[in-house]
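Okay, structure first, notes after.
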């Protein structure tokens, strides 16, 4: 019978965290290697890269939520009467790490700030492409050449999304109360 994380000793928790960090570092390095390979490897790289992006979106969404609570004029939020109301209640039922890319994209869409406007556009395009190749690779009528072209476009979109995530993280780090607290500048 497995125990909950909170039931583990500090040493067991530390070992789990170190193991997780090693796994994540290994996967991130392998994505770079796969990107350089044959088309089938680039397809795998694209699907893994999207998962890496989802990992970083968890952190962004958490930070956006905290910045909004601390400085609602800096990072706004769509009103509760918007079409996103159902996502608010959905989030309470489902943890961020269990959400799909599309659900995470919808969470980001709830926030209002010029700093994330480009990221929102990129995530919309990327989610559409990712859905096609995660769910319809074998059932679609696209030629292999079209798949390869789309995969390369998807990797490029991931690069752009990661760049926008970095810019947003830097903005939060340098321009918000949360960033100052995280950097102990308060």
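Coordinate-derived values only; no laboratory data. The shown structure was predicted, so the numbers you read here are calculated from the model rather than taken from an experiment. All Cβ positions, glycine included, derive from the backbone under ideal geometry; neighbour counts span all protein chains shown.
Footprinting exposure proxy ranking of 111, 166, fewest other C-beta atoms within 10 angstrom first, gives 166, 111. Highest mobility in the GNM of the chain, judged by mean-square fluctuation with C-alpha springs under 10 Å and restricted to 76, 140, 19, is found for 19. Oblate is the label for the chain. Its Cα gyration tensor axes, ordered a ≥ b ≥ c, give a/c of at least 1.5 and b/c at or above a/b. Of 40, 18, the sequence from fewest to most neighbouring Cβ atoms within 10 angstrom is 18, 40. Under a Gaussian network description of the chain, with springs only between Cα atoms under 10 Å, the residue in 149, 120, 104 that fluctuates furthest is 149. Just checking the listed ones, 146, 160, 125: in the Gaussian network model of the chain with Cα springs under 10 Å, the one fluctuating most is 146. Taking Cα pairs under 8 Å and at least six residues apart, what relative contact order does the chain come out at, in percent? The value is 26 percent.
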